[in-house]
Amino acid sequence: QVQLVESGGGLVQAGGSLRLSCAASGRTISSNAMGWFRQAPGKEREFVAVVNWSGTSTYYTGSVKGRFTISRDNAKNTVYLQMNSLKLEDTAVYYCAVGPRGYYGTQRADFGSWGQGTQVTVSS
């Protein structure tokens, strides 16, 4: 059983940057893909980014491509999401989640344990 805790959210002006962290405990996540999802009020939770177990492969939803970077430090059992050039529409609660071993996907059903989320609010 793994526990995930997101941090780093907050209030930022449009065009600014934030770095989110996801710290895992209970077991190592070094064999798993890891993903970031987000959910705005009244909207479905949507895929944002995923990184494979080794950090060598990543994939992003089109709306964040070129602005967000997912990375991981397996020695620290931690995953990051660097968010640059933030837009108003990026406002959401951001969640990290544990993905499968051996591959990664972009569907919510591909992911198991979820964190509590961290709020990101982008203002004008």
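The values are calculated or read from the model by the stated rules, or taken from the named source; none is laboratory data. Fair warning: this is a prediction, and the values are worked out from it, not measured in the lab. No Cβ is skipped: glycine too gets one built from the backbone with ideal geometry, and neighbour counts run over all protein chains shown. Protein only, heavy atoms only, side chains kept; ligands, DNA and RNA dropped before computing areas. Shrake-Rupley method; radii C 1.70, N 1.55, O 1.52, S 1.80 Å.
Worth pointing out:
- Spread over its residues, the convex hull of the C-alpha atoms of the chain is 92 Å³ per residue.
- Relative contact order [Cα under 8 Å, 6+ residues apart], the stretch 13-82, whole percent: 36
- Selection of GluC sites (Glu not before Pro), the stretch 43-124, meeting DSSP coil and at most 10 other Cβ within 10 Å: Glu44
- Sulfur and carbon atoms: percent of accessible area, the chain [1.4 Å]: 46
- Positive dipole terminus of the stretch 51-124, leading residue within Gly102, Thr78, Gly112 (C-beta point charges): Gly102
- Across the stretch 103-118, rounded Karplus estimates of 3J(HN,Hα) from the backbone phi angles (6.51 cos²θ - 1.76 cosθ + 1.60, θ = phi - 60°) give 6, 9, x, 10, 9, 4, 5, 6, 10, x, 4, 10, x, 7, x, 9 Hz, Gly and Pro being marked x.
- Normalising the average separation of contacting C-alpha pairs (under 8 angstrom, six or more residues apart) by the number of residues puts the relative contact order of the chain at 36 percent.
- Centre separation in Å (Cα based) which lies between the stretch 49-76 and the stretch 101-120: 12
- Estimated dipole of the chain in Debye, rounded to 20 [Cβ of Lys and Arg +1, of Asp and Glu -1, Cα centre]: 140
- Extension gain, Tyr59 to Glu44, is 3.4 nm, computed as 0.36 nm per intervening residue step minus the present C-alpha separation.
- Arg108 versus Leu11: modelled label distance in nm, points set 7 Å from Cα along the beta carbon direction: 2.9
- Charge sum, other residues only, whose C-beta stays under 11 Å from Gly99's C-beta, Lys/Arg counted +1 and Asp/Glu -1: +1
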